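S.K.: To start, I am sharing the structure in question, which I have written as structure tokens.
The values are calculated or read from the model by the stated rules, or taken from the named source; none is laboratory data. These figures come from a predicted structure and were not determined experimentally. In this analysis, Cβ positions are derived from the backbone assuming ideal geometry, glycine residues included, and neighbour counts consider all displayed protein chains.
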Amino acid sequence: MTDRPRHRHRKRAVPPPPLGDRDIPQWPKTSAVINHDGTGRLTIDGETEELAAGDVDHARAIVVERVTSTAADLGRPVRLNTTDPHGRRELAVHPDGRVQELSPHLPAARRAQSRRRAHVSGPQPGSLTQRVGAGLVLLAVIATATAIVMSTGDDAPAPGPAPPSAPTMAGSAAGESADSAAVAEARRQAARRAEIVRTRRERAAQRQAAHKRAVAERAARRRAAAHKRAVAERVAKRRATAHKRAVAERAAKRRAAAHKRAVAERAARRRAAAHKRAVAERAAKRRAAARARAKRRARAPARPARPARPARPARPARPAPPPPPPPPPASRCGEFDFC
């Protein structure tokens, strides 16, 4: 029985080499176009799906979720070509939701070095596949050593390769079944993790959409309140302006009426004064004329009296008109009778 080499320190895990343009198959052809308003389209193996998200980040999350589901179904990374407002990129989407940008081309020396480092590092220590394989190898070694000891103690001839071949075949079959079970378990865990990631992203998208709606509602309420205040201010300004105009018009009307009354009063006073002056002048003229006539009469000799005019003869009375003739006698015959 051989002893297993014991290492004082575990080997440090070597990070996976960067994926190149030739490391991901071209099938299925997956591409996504995202616009600045969150709309776009996703094409997976010829099937196009229209995208309608609120923004670019939400649209990217939807695209990664769809391509992650496809990668989980295939059990390997899927190539994704994206075109968004930030430019054009080529990505690799893994079944567990990881997104890695593809390098356009890796030099041959770098690719060989990456492969050697991956081959030397082997599977990560502590993984389920390593533990199962180590246990199966240990069982096979123990069974082989036991068979050799028993055959040596019985002084039997050395066994051929046939006896230890049976447990080796059984161990290899058990190892293959354990490897397939481990791979299936790893796939189930990867699918479970992808489902958890998808659920978390959906919830995050829902929270983001709810937050966005709340922000939009608050902004809408603020805009409505600001618009209402602006309308009320405009109405108040219009009312104040109208009131001011009305007050100014009433004051102007009052001033115009007062001015008109003042003008009319002044004109009436002028007319009254002119009329008074005219009356006084006429009276003065009459008095002056009367005094002048009296002076002339006093200076002139006395005139003889005029003889009296003879009386006019009386007009003769008109004769009375003759009396009208008597009416004819009434006839005894009727109007249409013949006598």
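S.K.: Do any residues in the range 206-221 that are surrounded by 11 or more Cβ atoms within 10 Å (Cβ to Cβ) have Cβ atoms under 7 Å from those of residues that are small (G, A, S), where the two are at least six apart or on different chains, and which pairs are they?
M.R.: Close Cβ pairs (under 7 Å, with a partner that is small (G, A, S)) amount to A209/G54; K212/G54.
S.K.: Further question: Report whether or not R12 is charged (D, E, K, R), assigned to a loop (DSSP other than H, G, I, E, B), at pLDDT 85 or above and out of contact with any helix residue (DSSP H, G or I) (no Cβ under 6 Å at 6 or more places or on another chain). Give the derivation first.
M.R.: Numbers: charged (D, E, K, R): yes; assigned to a loop (DSSP other than H, G, I, E, B): yes; at pLDDT 85 or above: no; out of contact with any helix residue (DSSP H, G or I) (no Cβ under 6 Å at 6 or more places or on another chain): yes.
The answer is no for R12.
S.K.: Among the listed residues A204, A225, A186, A209, identify the single one that is more than 26 Å from A53 (Cα to Cα) and within 24 Å of the chain's Cα centre (by Cα).
M.R.: Working: A204 fails: more than 26 Å from A53 (Cα to Cα); A186 fails: within 24 Å of the chain's Cα centre (by Cα); A209 fails: more than 26 Å from A53 (Cα to Cα).
Selected residue: A225, the only one of A204, A225, A186, A209 that is more than 26 Å from A53 (Cα to Cα) and within 24 Å of the chain's Cα centre (by Cα).
S.K.: Taking the range 75-88 as the region of interest, how many residues are in a strand (DSSP E or B) and either under 30 Å from the mean Cα position of the chain (by Cα) or of a type in the set (F, W, Y) (or both)? Step through it out loud before you land on a result.
M.R.: Our first condition is that a residue be in a strand (DSSP E or B); within the range 75-88, this holds for 78-84, 87-88.
Those still in the list that are either under 30 Å from the mean Cα position of the chain (by Cα) or of a type in the set (F, W, Y) (or both) too: 82-84, 87-88.
Of the residues in that region, 5 qualify.
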